[in-house]
1. If G57 satisfies every condition in (1) out of contact with any helix residue (DSSP H, G or I) (no Cβ under 9 Å at 6 or more places or on another chain); (2) without any contact (Cβ under 8 Å) to a residue 24 or more places away in the chain; (3) not basic (K, R) but one, which is the exception?
2. Which residues, counting only those in the stretch 36-59, are open to solvent by 40 Å² or more (accessible area, probe 1.4 Å) and either part of a loop (DSSP other than H, G, I, E, B) or touching a Cys at 6+ places or on another chain (Cβ under 7 Å) (or both)?
3. Quick one: would you say T66 is surrounded by fewer than 18 Cβ atoms within 10 Å (Cβ to Cβ), under 16 Å from A2 (Cα atoms) and among the β-branched types (V, I, T)?
4. Name the residue that is most open to solvent (accessible area, probe 1.4 Å), counting only residues in the stretch 1-35 that are of a type in the set (D, E, K, R) and not in a helix (DSSP H, G or I).
5. Taking the condition of being within 10 Å of the chain's Cα centre (by Cα) and either more than 14 Å from L5 (Cβ to Cβ) or at pLDDT 95 or above (or both), how many residues in the stretch 32-53 meet it?
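The values are calculated or read from the model by the stated rules, or taken from the named source; none is laboratory data. Computed from a predicted structure; not experimentally measured. Positions of Cβ are generated from backbone atoms using ideal geometry, with glycine treated the same way; all protein chains shown enter the neighbour counts. For the accessible areas, the whole protein counts, side chains as well, though only heavy atoms, and no ligand, DNA or RNA atoms are used. Shrake-Rupley method; radii C 1.70, N 1.55, O 1.52, S 1.80 Å.
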Amino acid sequence: MALKLTVNGEVRCLDPEPTPPTLDKVIAALGHNPQLVVTEHNGVIALRGSWATTTVGEGDSLEIVTIVGGGS
C-alpha cells in the first residue's frame, strides 16, 4: 500500500514496511543515512530516540535536513 507524504515540500509516494511505517523506516526508504539527518514530522522536531515508535501516516509532512561536514 503506497503512502503519500510531503517531504521537504514535495509530494512523494512510498511503500515502506511495516504497516503502519515508523519514522526510522520512512527515512531509510527515502534513502537517507539516519546518522546524518535531522527530521521534523508534522511541524515538530522528531527526537532520534522516538523514530522507531513514531508512526507516519497518509498526508503527513516531513522536513529532512542532511548534516554536511567540511570546511577550509
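1. (2) is the only condition that G57 fails.
2. N42, G43, L47, E58, G59, listed by residue number.
3. No.
4. Of everything passing the filter in the stretch 1-35, E17 is most open to solvent (accessible area, probe 1.4 Å).
5. Number satisfying all stated conditions: 8.
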